[in-house]
Amino acid sequence: MSKIECDHCHLEFDASVMIEDEGHCFCCKGCQGVFHLLNESGLERFYEKAAETKLTPQTMEYDDSDHFDTPAFYERYVTTNAEGFQEVSLIIEGIHCAACVWLNENALHKMDGVIEAHINYTNNKARITWADHTVKLSAIIEMIRAIGYNAFPYDPGSQEISANRQRKDYYLRMAVATFASMNIMWVAVAQYAGYFTGITQDVKTILNVAEWVLATPVLFYSGWVFFKGAYYGIKNRVVNMDILVATGALLTYLYSIYITLNQEGEAYFDSVAMIITFVLFCKFLEVLSKKNAADTLDIMSKHIPSEVSVVEAGTVRLMPVGEVKEGAVVLLKSGEKIAFDGEVIEGEGSIDESSLSGESRPVYKCVGDTLVSGTTSIDALLQYRTTKDFAHSTLSTLVALLENAMRKKPRIEQMANRLSEHFSTAILLFALLTFLVWWFWPHDFETSFIVGISVIIIACPCALALATPVATLVGLGLGARRGILFKEAAQLETMAQADILVLDKTGTITKGMPEVVQVNVLKTFDESLLFSLVSSSNHPVAKGIARYLDLKTAQSLDDVEQRNAQGICAQFEGKQVLGGNARLMQEYDIDVNTVSRHSLFYFAVEREVYAVFELSDVPKEDSAEAIEAIKRHGIEVVMLTGDHEGSAQYIAQEVGIEKVYHSLTPKAKASYIETCQSEGHRVIMAGDGVNDILALANANIGIAMGSGSDIAIEVSDVVLLNDNLTALSEAVTISKTTFKLIKQNLGISLLYNAITIPLAMAGYIIPLIAAISMSVSSLLVVGNSMRVRWSILK
């Protein structure tokens, strides 16, 4: 079989597997993709420099990528969006820094048929959208592998296995680094003691050789992760943090070998070992912190069962959740998780809704009550009819929203990433300049070399790269656990900068249902008779009185008649019973003249009024306290409502809102928001009804209450599952705290570099101290980001 050379990697391969493209020959799809990527990106000079070089092939054996195109894979992992494009979530292995994210995103964007590629640096998760008729998923996987990374489908179980494998690898590398570094320090103690008591060159050389032996596995085994990242950075013309670490440690190692062999000067094998050890420990802690911050999504996903018990024709059988249709009857047992939204049709019991709403108290459910997917049966044995299929269930929707939020970067993070892209290149130039200045001034190579190495190591851009994503992910995760879903991470930043909060009244500030606030009993009566009367109606006022009476027994009524916009008429033991408003009373010539700003309900028997009930839509229990907390953040609170002035002013006074606009149409609400925005304000709008969708869509941030209409939830930017204003107050607190900590993190990173780089260039910092301080700066940024969690506990 004849052999030919690949035009990208220059390796020889059998002509039978050749991929020919516009006169070029390639050994695989990956080489073909990278060839086009480099040429289209203006990087064709890569081939001039590598003309005589055979690139190292991948040492890892990958699974055949064709299985990514199988129907079984598509059914489990691939979805089709509203535009007809395919979407998949992948975990990208081998990402070390923001530059790795940039490289992967740009490589994928260059492929024909790839619509979007977003990669979350904190958890290495990629969300890729592509046109399947133009490019196959297997070709996308091959491209990722060709540029030095690997990809596998995302699911919480496989990611946990991968994370455990990665942790074990780090544990072993850290164990080797720690053991060797501790022994090197013992050797170093003997050397330092020799400076004061006297030491011959022969003994000094022996000690240097011992350090050389111990430092070698630290550099090339424990530090292999940095060399691997540096290799792919150089290969793809990206200067990343691994290049800085690997360059500094390797040059110091080679210089120390030179000193040892020539038996003159000072070797720095101890610095090499400690640099790798400290930075490796720092990198491992970053991996743990990012994994913990991203665990919220995995925890939510684990609330989805794989199978449910479906009742069909009196028999029960297990069925995968993906095969259950809307309208199916599902049997729920004690301890099982609810996979679908539905309505209870048989049985009763307590449901734990804490996984979605954060409410720790069990919620009692009986026939007619609704169930939400993702919650758990505590002691309930019941049957429910599904109202949505699995793909459109509440939990599936929320997981998708959270995934989307985690992969969309805030503007401030995009700015930090652009800065870090150029930071590493600038540092290498600073280090070279420092070396030259020290070389020409004291004319001491050793001093010049060590000072230059210190500049490279101390300025590693880890802290700058971590400043935004870790804080953002912690904020999103905390919000999800509190029942607050941000559809995009960028909305954290926008909400933090808002200065006006616009609230709808009914269903947002208030409970959205009339409650009895005053009762005037004119004559003693049988409450069970009134309870029977109002229980026969579905009108909100009648339901409010039924809730107020809360009786278990009822009387039997005859000739019950519902009067539209008036009330209820019935017969009881030959007597006429009436319940309704003043118009109903007047129709039966009953004189009523009660004046109230609330809704009035009269109860009369045989044309004599026995009681008058005053009802009002009362504020939710937490409204006043939550609004006061929001005001403390410097946000002006405004109420917009279509209700009449009296009702609007009453509710506003109850909850402490000074600015109220009443009798507004949906268009007028939207116009008010547009006016505020034209004056330079950033506006948050919270509502729950169809009449709020224009205002929600026009606001900088639209917030939908969890009990609101589907269309209001669709057009909003944030969804509150708890359906109370405390959740809204917490959302404001999380966003403002997260944004404040992001700015603090950027300040810490920039201040650290502004102080330490000049000190290193001036020769005041040795490489060992540089490695320690660089690690501390990264850990300081990660630790500061975790403070978002404390903001709600204050």
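The values are calculated or read from the model by the stated rules, or taken from the named source; none is laboratory data. Bear in mind the structure is a predicted one, so any value in this text is a computation, not a measurement. Every residue, glycine as well, gets a Cβ built from its backbone with ideal geometry; the counts of neighbours run over all protein chains shown. To get the accessible areas, we keep the full protein, side chains included, count just its heavy atoms, and leave off ligands, DNA and RNA. Shrake-Rupley method; radii C 1.70, N 1.55, O 1.52, S 1.80 Å.
Results, tabulated for the structure shown:
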item: Where N is the number of residues in segment 586-719, Cα Rg divided by 2.2 N^0.38 Å; result: 1.33
item: Amide H partners (placed H, <5 Å) of ASN700, local residues excluded; result: VAL683
item: Fraction of beta bridges assigned by DSSP in segment 586-692 that are antiparallel (%, nearest 5); result: 70 percent
item: Using a Förster distance of 41 Å, the FRET efficiency for GLU93-ASP550 (Cβ separation, nearest 0.05); result: 0.10
item: Average accessible surface area per residue within segment 553-645, 1.4 Å rolling probe, Å²; result: 52 Å²
item: Per-residue HN-Hα couplings for segment 481-493 [Karplus 6.51, -1.76, 1.60; θ = phi - 60°; Hz; x = Gly/Pro]; result: 5, 9, x, 10, 10, 8, 6, 9, 5, 4, 6, 4, 5
item: Entries of LYS125/LYS388; LYS505/LYS631; LYS552/LYS620; LYS388/LYS669; LYS487/LYS667 with Cα pairs more than 21 Å apart; result: LYS125/LYS388; LYS552/LYS620; LYS388/LYS669; LYS487/LYS667
item: Pair GLU307, HIS633: separation of 7 Å Cα→Cβ label points (nm); result: 4.6 nm
item: Fully extended contour minus Cα-Cα distance, from LYS523 to ASP169, at 0.36 nm per residue; result: 119.2 nm
item: Share of carbon and sulfur in the accessible heavy-atom surface of segment 420-548 [1.4 Å probe, %]; result: 62 percent
item: Summed side-chain charge close to ILE184 - residues other than ILE184 whose Cβ falls under 13 Å, Lys, Arg +1, Asp, Glu -1; result: -2
item: Other-chain or far-sequence residues with amide H under 5 Å of LYS388's (modelled H); result: GLY327, ASP341
item: Difference of contour (0.36 nm per residue) and Cα-Cα distance, TYR364 to VAL592; result: 78.0 nm
item: Separation of the ARG563 and GLN497 label points, Cα + 7 Å toward Cβ, nm; result: 5.8 nm
item: Potential lengthening between ALA668 and ILE115 on full extension [0.36 nm per residue; Cα-Cα distance subtracted]; result: 195.3 nm
item: Ordering of 721-728, 526-533 by packing [mean C-beta count within 10 Å, highest first]; result: 721-728, 526-533
item: Per-residue HN-Hα couplings for segment 587-592 [Karplus 6.51, -1.76, 1.60; θ = phi - 60°; Hz; x = Gly/Pro]; result: 5, 9, 6, 9, 7, 10
item: Percent accessible area from carbon and sulfur atoms, segment 161-222, protein chains only, probe 1.4 Å; result: 74 percent
item: Segment 376-394 residues near the modelled SER350 label - backbone nitrogen below 16 Å, point 7 Å along Cα→Cβ; result: 376-382
item: Rough spin-label spacing in nm, given labels placed 7 Å along Cα→Cβ, for PHE227 and LEU381; result: 6.5 nm
item: 5 Å binning of all Cα-Cα separations within segment 613-658, expressed as whole percents from 0 upward; result: 5, 19, 30, 23, 14, 6, 2, 1, 0
